[in-house]
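Here the structure comes first, spelled out in structure tokens, and everything after it is commentary.
The values are calculated or read from the model by the stated rules, or taken from the named source; none is laboratory data. Because the structure is predicted, anything quoted here is derived from the model rather than measured. No Cβ is skipped: glycine too gets one built from the backbone with ideal geometry, and neighbour counts run over all protein chains shown. Each accessible area value is taken on the protein alone, full model and side chains, heavy atoms only, with ligands, DNA and RNA left out. Shrake-Rupley method; radii C 1.70, N 1.55, O 1.52, S 1.80 Å.
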Amino acid sequence: MNICVIGTGYVGLVTGACLADAGHSVICVDKDAEKIGLLKKNKTPIYEPGLSSLLRKNSIDFKTEIDREAVASDVFIIAVGTPPNQSDSRPNLSFVYDAADELGKKLGDLKGKAYKIVIIKSTVPPGTTSRVKKMILKELKHKKNIKLDIVFNPEFLREGSAIKDTLYPDRIVLGIESERSAKILKKLFKSFVKQENPAFLLTDIPSAEMVKYASNAFLATKISFINEIAYLCELAGANIDGVSKGIGMDKRIGKAFLNAGLGYGGSCFPKDTKALDHLAGDHGHVFHLLKAVIDVNNMQKKRFLHKIQKVLNGVENKTIGLLGLAFKQDTDDIRESIAIDMIDSLIERGAKIKAHDPLAEKKAREFFSGREKNIVFCDSPYEAAKGSHALIIATEWESFARLDLSKMRKTMKKPVIFDGRNLLDPQKVKNKGFAYHAVGGHERG
Ligand code: UDX
């Protein structure tokens, strides 16, 4: 099929690359000329395992506008960002509406009969997809030659495993308004996912829009729940490792997303939980549980900071080695990263930071530009540890679990580790002569 993907973020670019790899003819459009310039030169603006090679292998057309060639596509996928507003943290839908506006205008210029499907993949509150359709129809001036169907298809890919998640989805949710579009899209999905019988859920559009928010809110709830239990473990003399395992062995609960730590970050959970809370409020409903999930996540980092300050007897003029800047492992994304928050709080309290991350250093440098006085970026975890009064693990990079602790200990001012992701084996760390503090219980400290 001829497919036009609007927006070249994690979702748009990965979707476009997977579609192209399955033999579809793909055009990717983005207003960001710098990004398009890089992509045209075969450079990938984001880090995502396997993405560069997929883009190199397949020829995708990159453009800064929906031109004549792009508007001739059969299917349009809107995958632009819906970042939170600075003022009230509601989702900013202007990029979705701008894309709809441009698409409507360009479709309005088309001569002859055509059937077009517009898929919204951006995460949007229920009602938005219908509004987008009305906007496009308005631009089309309800011309009879263009038949348009709109579909909402939530995206569940995780950064760091985006390609795998796209090719092997747990489910494909399609919010549809016509059988015709459903039939075409089922065929389209079957053409690129690697499962023989992918699991489809066909539903109405507002329900599909809600599935995305509800899924992310539920996963965030699991994380805040386990973090609360971890805190209770600390108070009651239990150990979160055993407790997490014991809960997760119940098939009804499942073991995923039960890792206690500094809390959730990233471009989705913080944004989507707040958006859902606003949505509830707009409908006159107080979503108590969700509010608690958000509060616990904010509290979690404060609790850890309190622990650090207590153990170190304050952090003023102390040098802290900090491992991890990305919001999680296998990504260079620092959006809503707890590690970044942690650095800000420590610097505010007078600490000097020596930070290391395998991938996210460049983005963190940009973020802290102008404030370099209190932060040094290091090429290796050993360099970050050198001369430090303590070491904090803020991101769950697997490589941090395999550090040579004896080597580290020799160069540190004080052998203290704060493991904010419960990544290390407490006994091994203690055997190497470290004071070890983590999240949730007697062994974890
Ligand atoms: C998430 C959803 O998983 C994905 O389906 C959706 O499309 C986008 O949002 P992502 O933001 O890439 O994906 O990251 P994810 O792997 O879900 O982790 C989110 C955050 O939760 C990270 O900060 C991670 O450190 C934290 N987390 C995750 C925990 O603290 N504990 C866990 O057990 C799991």
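Anything in segment 407-421 that is touching a residue at least 24 places away in the same chain (Cβ under 8 Å), open to solvent by less than 90 Å² (accessible area, probe 1.4 Å) and in contact with a strand residue (DSSP E or B) (Cβ under 9 Å, 6 or more places away or on another chain)? List them, or say none. Show your work before the answer.
As a first pass, look at segment 407-421 and keep what is touching a residue at least 24 places away in the same chain (Cβ under 8 Å): 407-409, 411-414, 416-421.
Adding the requirement that they be open to solvent by less than 90 Å² (accessible area, probe 1.4 Å) leaves 408, 411-412, 416-421.
Within segment 407-421, 408, 412, 416, 417, 418, 419, 420, 421 qualify.
Every residue, every condition in (1) under 28 Å from residue 242 (Cβ atoms); (2) not hydroxyl-bearing (Ser, Thr, Tyr), yes or no:
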site: 368; (1), (2): no, yes
site: 377; (1), (2): no, yes
site: 383; (1), (2): no, yes
site: 389; (1), (2): no, yes
site: 403; (1), (2): yes, yes
site: 415; (1), (2): yes, yes
site: 431; (1), (2): yes, yes
site: 436; (1), (2): yes, no
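Among the conditions (1) surrounded by 15 or more Cβ atoms within 10 Å (Cβ to Cβ); (2) under 24 Å from residue 328 (Cα atoms), the only one that residue 22 does not satisfy is (2). Looking at 255, 251, just one residue is within 19 Å of residue 227 (Cβ to Cβ) and of a type in the set (Lys, Arg), and that residue is 255. Checked against (1) within 29 Å of residue 297 (Cβ to Cβ); (2) of a type in the set (Lys, Arg); (3) part of a helix (DSSP H, G or I), residue 410 meets all criteria but (1).
Looking at segment 171-194, is at least one residue more than 26 Å from residue 115 (Cα to Cα), away from the ligand (no atom under 15 Å from the Cβ) and surrounded by fewer than 20 Cβ atoms within 10 Å (Cβ to Cβ)? Break it down into steps so the answer makes sense when it comes.
Going residue by residue through segment 171-194, those that are more than 26 Å from residue 115 (Cα to Cα) are 171, 194.
Now drop any that are not away from the ligand (no atom under 15 Å from the Cβ), which leaves 194.
Checking the rest, the ones that are also surrounded by fewer than 20 Cβ atoms within 10 Å (Cβ to Cβ) come to 194.
Yes, there is a match, as at least one residue in segment 171-194 is more than 26 Å from residue 115 (Cα to Cα), away from the ligand (no atom under 15 Å from the Cβ) and surrounded by fewer than 20 Cβ atoms within 10 Å (Cβ to Cβ).
Residues are listed down the side, and each one gets a yes or a no for (1) among the hydroxyl-bearing types (Ser, Thr, Tyr); (2) within 13 Å of the ligand (Cβ to nearest atom); (3) loosely packed, with under 15 Cβ neighbours inside 10 Å:
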{"position": "259", "(1), (2), (3)": "no, yes, no"}
{"position": "271", "(1), (2), (3)": "no, yes, no"}
{"position": "279", "(1), (2), (3)": "no, no, no"}
{"position": "282", "(1), (2), (3)": "no, no, yes"}
{"position": "300", "(1), (2), (3)": "no, yes, no"}
{"position": "313", "(1), (2), (3)": "no, no, yes"}
{"position": "323", "(1), (2), (3)": "no, no, no"}
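In the set (1) small (Gly, Ala, Ser); (2) away from the ligand (no atom under 11 Å from the Cβ); (3) open to solvent by 10 Å² or more (accessible area, probe 1.4 Å), residue 208 fails one condition alone, (3). Among the criteria (1) open to solvent by less than 30 Å² (accessible area, probe 1.4 Å); (2) touching a strand residue (DSSP E or B) at 6+ places or on another chain (Cβ under 9 Å), the one residue 85 does not fulfil is (1).
Taking each residue of segment 143-164 that is of a type in the set (A, V, I, L, M, F, W, C) and open to solvent by less than 30 Å² (accessible area, probe 1.4 Å) and looking for partners that are part of a loop (DSSP other than H, G, I, E, B) and away from the ligand (no atom under 16 Å from the Cβ) with beta-carbon atoms closer than 6 Å, six or more apart or interchain, yields 151/176. Within segment 237-257, the set of residues being open to solvent by 30 Å² or more (accessible area, probe 1.4 Å) and part of a helix (DSSP H, G or I) comprises 241, 242, 243, 245, 246, 247. Here residue 234 passes the criteria (1) of a type in the set (Asp, Glu); (2) farther than 25 Å from residue 392 by Cβ; (3) more than 13 Å from the ligand (Cβ to nearest atom); (4) surrounded by 18 or more Cβ atoms within 10 Å (Cβ to Cβ) except the one numbered (2).
Residues that are out of contact with any strand residue (DSSP E or B) (no Cβ under 9 Å at 6 or more places or on another chain), farther than 29 Å from residue 125 by Cβ and open to solvent by less than 50 Å² (accessible area, probe 1.4 Å) within segment 211-231 comprise just one, 229. Filtered by the rule that a residue be touching a residue at least 60 places away in the same chain (Cβ under 8 Å) and under 26 Å from the mean Cα position of the chain (by Cα), segment 99-134 gives 99, 119, 121, 122, 123, 124, 125, 126, 127, 128, 129, 130.
Selection within segment 333-388: residues that are part of a strand (DSSP E or B) and open to solvent by 20 Å² or more (accessible area, probe 1.4 Å). The member of this set that is nearest to residue 306 (Cα to Cα) is 352. Among the residues of segment 389-411, just one is within 31 Å of the chain's Cα centre (by Cα), among the small types (Gly, Ala, Ser) and more than 16 Å from the ligand (Cβ to nearest atom), namely 390. Regarding segment 11-23, can at least one residue be identified that is more than 16 Å from the ligand (Cβ to nearest atom), among the β-branched types (Val, Ile, Thr), within 27 Å of the chain's Cα centre (by Cα) and not in a loop (DSSP other than H, G, I, E, B)? No, there is no match, as no residue in segment 11-23 is more than 16 Å from the ligand (Cβ to nearest atom), among the β-branched types (Val, Ile, Thr), within 27 Å of the chain's Cα centre (by Cα) and not in a loop (DSSP other than H, G, I, E, B).
Kindly evaluate residue 222 against the criterion of being within 14 Å of the ligand (Cβ to nearest atom), in contact (Cβ under 8 Å) with a residue 12 or more places away in the chain, in a helix (DSSP H, G or I) and not β-branched (Val, Ile, Thr).
Values: within 14 Å of the ligand (Cβ to nearest atom): yes; in contact (Cβ under 8 Å) with a residue 12 or more places away in the chain: yes; in a helix (DSSP H, G or I): yes; not β-branched (Val, Ile, Thr): yes.
Yes, satisfied.
Return a yes/no flag: does segment 1-17 have any residue that is closer than 19 Å to residue 120 by Cα, in contact with a strand residue (DSSP E or B) (Cβ under 7 Å, 6 or more places away or on another chain) and among the aromatic types (Phe, Trp, Tyr). No, that holds for no residue.
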